[in-house]
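Each reported figure results from applying straightforward, stated rules to the coordinates on display, with no laboratory input. All values derive from a computational prediction rather than experimental measurement. Don't worry about glycine lacking a Cβ; one is built from the backbone with ideal geometry, like all the others, and counts go over all protein chains shown.
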Number of protein chains: 4
Amino acid sequence: MTAPLDPTPSSSPKSSSGASEPARLDPNNTATLTIACPDRKGIVAAVSQFLLNHGANILHSDQHTTDPSGGQFFMRMEFHLDGLDLARGAFERAFESVIAQPFEMEWRVNYTAQPKRMAILVSRYDHCFLDLLWRKRRGELHIEIPLIISNHEDLRRDADMFGIPFHVVPVTKQNKAEAEAEQVRLMHEAGADFAVLARYMQILSGEFLRGFGRPVINIHHSFLPAFIGANPYRAAFNRGVKLIGATSHYVTEELDAGPIIAQDVIPVTHRETPDSLMRMGRDVERQVLARAVKAHVEDRVLVYGNKTVVF
Amino acid sequence: MTAPLDPTPSSSPKSSSGASEPARLDPNNTATLTIACPDRKGIVAAVSQFLLNHGANILHSDQHTTDPSGGQFFMRMEFHLDGLDLARGAFERAFESVIAQPFEMEWRVNYTAQPKRMAILVSRYDHCFLDLLWRKRRGELHIEIPLIISNHEDLRRDADMFGIPFHVVPVTKQNKAEAEAEQVRLMHEAGADFAVLARYMQILSGEFLRGFGRPVINIHHSFLPAFIGANPYRAAFNRGVKLIGATSHYVTEELDAGPIIAQDVIPVTHRETPDSLMRMGRDVERQVLARAVKAHVEDRVLVYGNKTVVF
Amino acid sequence: MTAPLDPTPSSSPKSSSGASEPARLDPNNTATLTIACPDRKGIVAAVSQFLLNHGANILHSDQHTTDPSGGQFFMRMEFHLDGLDLARGAFERAFESVIAQPFEMEWRVNYTAQPKRMAILVSRYDHCFLDLLWRKRRGELHIEIPLIISNHEDLRRDADMFGIPFHVVPVTKQNKAEAEAEQVRLMHEAGADFAVLARYMQILSGEFLRGFGRPVINIHHSFLPAFIGANPYRAAFNRGVKLIGATSHYVTEELDAGPIIAQDVIPVTHRETPDSLMRMGRDVERQVLARAVKAHVEDRVLVYGNKTVVF
Amino acid sequence: MTAPLDPTPSSSPKSSSGASEPARLDPNNTATLTIACPDRKGIVAAVSQFLLNHGANILHSDQHTTDPSGGQFFMRMEFHLDGLDLARGAFERAFESVIAQPFEMEWRVNYTAQPKRMAILVSRYDHCFLDLLWRKRRGELHIEIPLIISNHEDLRRDADMFGIPFHVVPVTKQNKAEAEAEQVRLMHEAGADFAVLARYMQILSGEFLRGFGRPVINIHHSFLPAFIGANPYRAAFNRGVKLIGATSHYVTEELDAGPIIAQDVIPVTHRETPDSLMRMGRDVERQVLARAVKAHVEDRVLVYGNKTVVF
């Protein structure tokens, strides 16, 4: 045990060497490994040894155990591919047989060079929608947006401005099943990896969710589980709460009950009306949705039961 | 690559198995290893393999690299000692030769069974002081408090109430050097591992810091680096800021310039006076100091240059 | 229309004349008037003219209208009594006949010289309880605490330390009605103006509330209306929320459904257990309760329907 | 003194009559009066009586005294013009002679029917700029934007999308005086009432400020007074702060030292780089700037010395 990690009181602080900005590695030559398995001894050693043996340099690593005496283990590792001694398919086959099977892992590798393809479903409110498009344009979200689906024409001009195909699929009580089938078909055709409901004002059926078969992220305009369902700002006003919020979660068949990815709130007072709550809430909604989408895109969200680990 | 980590849209959410509360391992039979070294391939593999080989079960692990292409590497691992095949001294000697020396590590192991011993220095304000005593009593801080040192008599009765030795060491311009020497002597005699300035209204000299030779944590009543020095609430009032805050940091010889551990702020309006800012600020001060002390006690704070990693 | 209220760009900022700290008026010679009535033209003019005519100097004034086209009007005015030309009783009779009756007001005057008398009901958790006692000692809460009632002996020593009478009234299923009657009797005997449930783990009956006949403030350990009832931290853990909170509200017969005075939340992650949520939540609970009690004590809370105006 | 304003414990809460949404008055037929004057008895009575006499119905009222024993008095009153018995000019002349002169007021009336005209100055960062344009489009900001001035071409397409004239005025060390003169000329020509620097990366001279002669609002990307000047995110990274922020203030000749209108911060950790701080900070910057602009537009900001009252 050598030098301390504590502050060295004898020396006055000098300009930190940590101040130098990291040199950038090629961001397109990295990958992210996510793992879930029953907790047991030796997982970290086995995975990190495997990556070391094959020349993968770990950039970031996070892990979590739901219960140290026998729970579920979760890990996320970002690593660089420069020194990798195997082709992608061979690397994945080796990991499956050497590591994943013995430890009974659910796992996945995503390559940064293949950004996720995000479908957006939206109705008339533009704030979450524009915020996502703008963050993509700014480079904050490493995604492709192959299509936008709406049940209204209103936002076509904005979609055009960003050069993204805009499909209007009107939804009525009568045509809901066909409309959903058409939506799923469009998303599959566009190769969407996941979908975001950016204030899409229709409830999705189980058929839609199973038909699409990929994650769907919603933004709900309350701090769930408070104010489930329609008109949460009105309900918040009626209850006289002193804060309002927003919740982003994966969509399941049960309304507003899926695994929560991100939540936030802002304080409000007696001066607000349902209308001003709605206006103030828009800022929270778009922040929370953007945070959830970014976490999903970067493979930081692992689902277990009806909960999430967000690394 | 088997089952997905995504939500399974086909099933409605069931009551999460994650809901079962973890069984508790003996909290006195764990240890925390903290490491700092130049980043290079293979550190995680080596450390986790070493712990595995010797029967230490990793409970939590965090790591950070300041720069993926050649920076500083930091790690904190909490592990259980139940299965350890070496005695403490032997374990540490083995780690030093097998792992620490090859990787040029600064490192340390702390055993939960030996709680850190915290000295408190305080003047007349009671809020941070009482908050720490109360958190210790509630079991929120795993520490011993062998002594309290003050330059005033005011808080003796509170110290008595908690059964902690209370030493008054008056400090004047004339006796400052002797007073500090006496403070250091008292802390060494009591076996203090670190000291907390819980609104101690004297500036510590370099002699004090070097003499004590262990970490000293301060709470400053502003969001540093704004409002360094005396009377920050008055300065905040004069500048007309819309938020006030507190900063907890390790003390170095340069006033209010040491490595920051924790900070927070609260919003304020034009209605406040310097007095009401001081009153409101007390709540932030004690929260921020408690957070910093807890992080330090749990070996979550690693210092490099004039900055901290807080796991 | 003369000089602008805007910044004067031609002059560089000079040290603000606002920097001078207000001279203090005698804080025991002020009063607070609170008013609720149907909104109509002329209320502010009438009230301010009345106070002016009788020599009361307005220190602070707040008002709120639920609906500018015919809602409810609320006002709170703090004024100084130095120049008052009427004795208290005469002043109040004059206000009632000249102002209150024509405008159909509910109203009240409270004199700072008569601090409110607060009863505390508490079970075993000490955090909210001690926080209130400290704040009172520090002068943050302008109150008297004539008695503490508990259903357990645990906190007697703390009560003694502060010199406050501590009454243990055990409550069982069998004796609940008598126990509540005894509690009400003790509070009436001590002249309590309001009561605070500082984590008192019994549900109060309507008989208690009607028998006491004065406001009762509770702290609930969730962001209501989420997680009503018992074990909200466990429920929050099970739902996987990303924030936990606390709500202080007036107690009504319907559980956790009374008018909300204050709420706050803190962010949490997947790393927390029900136990750590409980620990973290304590900090929010005591802050929120203290904020609510302070607002109540300073006559800042006006109730209408099941909501509050908090000035 | 009749019925209490406290919760009525005997009745269970009923659905609040406060739940009914206010009927809307014509938002174009209101005005806002702002006042600053030496504090003395009778101001509120005089102003509210004057408005009552002339048929103006007060919708909202806020007031503040810097010091109850002889400071500065500030008031903001929103009132409806439906019942006004005077034409605008006559109303203002009457107020000046009857109220403003006796009380030595600085004052102003703004009519909602005449939205303020906001000039935007911007360089290359688009986040604050787009945020303001969206909020205007959405109806969140009651303004007109007659022109945008930039020292770069980059954002022309966005300006076009919103149909707003976009003027490029390149600024170099050599042409700074002429460039500023041109900017002032353009703003005067467009009838701008105030200007917003939406991340405009040039320091404005005193000549500019005096030449324009109207308020200029800036967004600075730090929690002032910390990190004044260039590169605050880099400076925040180097200091190792645990929160970053943004400050919106009126521009004066002294850099980053003008009266603060709004500030906010977000927590950050050791994991951030200067780049990620910049990315995260963008969300705070645009929120804080939008809040400040909205407050200014609604006449909620009154300046005194180097500070603000924000109602």
TODO: Give the nm distances, rounded to one decimal, from A:LEU255 to the matching residue in every other copy, measuring between label points 7 Å along Cα toward the beta carbon; shortest first.
DONE: 2.5, 5.7, 6.2
- [ ] Just the ratio, please: alpha-carbon radius of gyration of the stretch B:27-111 over 2.2 N^0.38 Å, N its number of residues.
- [x] 1.04
- [ ] Could you give the size of the charge dipole of the stretch A:27-111 about its Cα centre, using +1 on the Cβ of each K and R and -1 on the Cβ of each D and E, expressed in debye and rounded to the nearest 20?
- [x] 60 debye
Task: Neighbourhood charge, 15 Å Cβ-Cβ cut-off, centred on C:GLN174 and excluding it, Lys, Arg +1 and Asp, Glu -1 - done: -1
Task: Net length gained if the chain between A:ARG156 and A:VAL168 were fully extended (0.36 nm per residue, minus Cα distance) - done: 3.4 nm
TODO: Under 9 Å from the Cβ of B:ARG138, count the other residues' Cβ atoms, weight Lys and Arg +1, Asp and Glu -1, and hand me the total.
DONE: +3
Task: Fluctuation leader among A:ARG124, A:ARG286, A:ARG271 - chain A, Gaussian network, Cα springs under 10 angstrom - done: A:ARG271
- [ ] Take chain A, connect every pair of alpha-carbon atoms lying under 10 Å apart with a spring to form a Gaussian network, then pick out the residue of A:ALA195, A:ALA262, A:ALA113 with the largest mean-square fluctuation.
- [x] A:ALA113
TODO: Mind checking A:285-297 for the average number of partner chain beta-carbons within 10 Å of each residue's beta-carbon?
DONE: 1
Task: Contact order relative to length of the stretch A:116-310, as percent, for alpha carbon pairs under 8 angstrom and 6 or more apart - done: 19 percent
Open item on the list: Largest first and in whole Å, what are the equivalent-ellipsoid semi-axes of the stretch A:77-204 based on the Cα gyration tensor, each being the root of 5 times an eigenvalue?
Closed with: 36, 19, 11
Open item on the list: Quick check for me: using +1 on Lys/Arg Cβ and -1 on Asp/Glu Cβ, what's the dipole size of the protein assembly as shown about its Cα centre, in debye to the nearest 20?
Closed with: 0 debye
Task: Ranked by how many other beta carbons lie within 10 Å on average, peptides D:64-77, B:289-302 from highest - done: B:289-302, D:64-77
- [ ] Let me have the relative contact order for the stretch B:259-311, percent, based on Cα pairs under 8 Å that are six or more residues apart.
- [x] 45 percent
Task: Lys, Arg +1 and Asp, Glu -1 on Cβ, resulting dipole of chain D about Cα centre, debye, nearest 20 - done: 640 debye
TODO: Starting from the Cα of C:ASN53, step 7 Å along the direction of its Cβ; do the same at B:ILE228; then give the gap between the two resulting points in nm.
DONE: 6.0 nm
Open item on the list: Taking 26 Å as the cut-off for C-alpha to C-alpha distance, list the pairs among A:LYS242/D:LYS294; A:LYS116/A:LYS176; B:LYS136/B:LYS242; B:LYS116/B:LYS176; B:LYS294/C:LYS242; C:LYS41/C:LYS307 that go past it.
Closed with: A:LYS116/A:LYS176; B:LYS136/B:LYS242; B:LYS116/B:LYS176
TODO: Distances from A:GLY191 to the same position in the other copies: list them in nm, one decimal, shortest first, using label points 7 Å from Cα along Cα→Cβ.
DONE: 5.3, 6.6, 8.1
TODO: Please average, across the residues of C:99-105, the number of beta carbons from any other chain that are within 10 Å of each residue's own beta carbon, and give a whole number.
DONE: 1
Task: Three principal axis lengths of the stretch D:116-310 [C-alpha, angstrom, descending] - done: 48, 36, 35
Task: Of all chain D residues, the one whose C-beta is nearest the axis that brings D onto A, in angstrom - done: D:MET161, 3
TODO: Report, for the protein assembly as shown, the % of DSSP beta bridges that are antiparallel, rounded to 5.
DONE: 70 percent
Task: Cα-derived Rg over Rh, computed across the protein assembly as shown with Rh taken as Kirkwood radius - done: 0.96
- [ ] Would you please give the FRET efficiency between B:ASN175 and B:GLU254, computed as 1/(1 + (r/R0)^6) with r the Cβ-Cβ distance and R0 = 25 Å, to the nearest 0.05?
- [x] 0.55
Task: Cβ neighbours within 10 Å from other chains - mean over D:259-270 - done: 5
Task: Rounded to 5, percent antiparallel among DSSP beta bridges of chain A - done: 70 percent
TODO: Beta carbons within 10 angstrom, averaged per residue: use that to sort the peptides C:143-151, C:54-62, highest first.
DONE: C:143-151, C:54-62
Open item on the list: Only Cα pairs within less than 10 Å get springs; with that Gaussian network setup on chain D, which residue of D:ASN218, D:ASN175, D:ASN29 has the largest fluctuation?
Closed with: D:ASN175
Open item on the list: Taking a point 7 Å out from Cα toward Cβ as the label site, list the nm distances between A:HIS60 and the same residue in every other copy, smallest first.
Closed with: 1.9, 4.1, 4.5
TODO: Please express the Cα-Cα pair-distance distribution P(r) of the stretch A:197-311 as a list of whole percents, one per 10 Å bin, running from 0 to the bin with the greatest distance.
DONE: 14, 46, 30, 9, 0
